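What follows is one structure encoded as structure tokens, with my remarks underneath.
Each value in this text was obtained by applying a stated rule to the coordinates, not by laboratory testing. Just so it is clear, the model here is predicted, and its values are computed rather than measured. For neighbour counting, all protein chains shown are included, and Cβ atoms are generated from backbone atoms with ideal geometry for every residue, glycine included.
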């Protein structure tokens, strides 16, 4: 079995070396660093101490061991050509201070050494709808192929997980069944000659329903029984506020999952799952995301600002402006004429519509703001397309102006 407990204790230790030269003043050398790594061996419990300097093994470094308790390695050691020192397996758990010194530089660190016969550990975790998971470690590293057995603390209780034994995977983990009732159990792990035990309470999850709104606005639903997805649960979804009716109906959860349309407006819905004459329920607050009307864009903008206001690069205003330009639905609409301009109020001969000079003012007597007349050569003429209406038709109006440019000549 490979060594499994690794504690890498890398601490930079500054070494200031005074250098003298005949024709140069004193200078400071580059900083060197010492590091200590401690690996307790899974087969012997020995602590392998390795001293390195700039990732290179250091031979002849001194390692002082100062235990806080009963430990036979209470002395100084010298590293070999591999920069290593082996300390004996402790008889009991003990805190130890290690001090490594080499060439005037030293580093120290505290570690906890555990005897081999106490090095195996087992733990149980039950997270939500997931099955209870047993983890087995030795010196904090996962143990593969460890054997796990589960026994009931109350012999009158019932639990299917006691029927047989389990084996951990390469991550040192194995799942055990959900209980049909809440039970107290003892979990025992074995690896080679090592054994570890722990007690745990496993909870009956029963029928559960989970619901949430996805990024696409749709409602996702999951129905589980004792942590397992069910195939035949009936699900209903109804609005709990306002006059809005959510199309919830009676749905069948396929493989325990269901996806329903996004709402047309903000609404809180009650989700109820019915399975095997039992029910489970939850509520979800949903936000309308399918309505792309301009007045609904404000909600999207507020969410965007909240998301970036404490984590953004560059001016916040520029990012908001860019977001509005790219995402505002109103920006997709073609600009039209002002509201007061219609087919019915287009200009008639002899009358202006406010877009050009009055008919009685000719090109030669147009005045500037300072009251001076301008000649044909001094004033800026209309563009080539002037005189065309929105439909591209030429309007002469018998030489009269149409309000969109100067009168005909």
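Observations on the structure shown:
- Length added when fully stretched, residue 145-residue 270, from 0.36 nm per residue minus Cα-Cα: 40.5 nm
- Residues of the range 169-197 with amide N under 19 Å of the 7 Å Cα→Cβ point at residue 226: 175-186
- Modelled FRET efficiency - R0 22 Å, residue 282 with residue 157, Cβ distances, 0.05 increments: 0.15
- Förster radius 35 Å - calculated FRET efficiency between residue 130 and residue 193 (Cβ-Cβ, nearest 0.05): 0.65
- Calculated SAXS-style log₁₀ I(q)/I(0) at q = 0.08, 0.19 Å⁻¹ - the range 123-275, Debye, Cα scatterers: -0.35, -1.03
- Take the Cα of residue 167, step 7 Å toward its Cβ, do the same at residue 305, and the gap between the two points is 6.1 nm.
- Dimensions in Å of the range 64-182 - Rg and Dmax from alpha carbons: 21.1, 68
- Entry for the range 119-202 at q = 0.18, 0.23 Å⁻¹: log10 I(q)/I(0) = -0.68, -1.07, Debye formula applied to identical alpha-carbon scatterers, no solvent contribution.
- Extent along the principal axes, Cα only, for the range 207-286: 34, 24, 16 Å, with the longest axis given first.
- A crude spin-label estimate for the pair residue 109 and residue 91, with each label 7 Å from Cα along the Cβ direction, gives 2.8 nm.
- Sites residue 117 and residue 78, calculated FRET efficiency, Cβ-Cβ separation with R0 41 Å, nearest 0.05: 0.90
- Length added when fully stretched, residue 326-residue 186, from 0.36 nm per residue minus Cα-Cα: 44.4 nm
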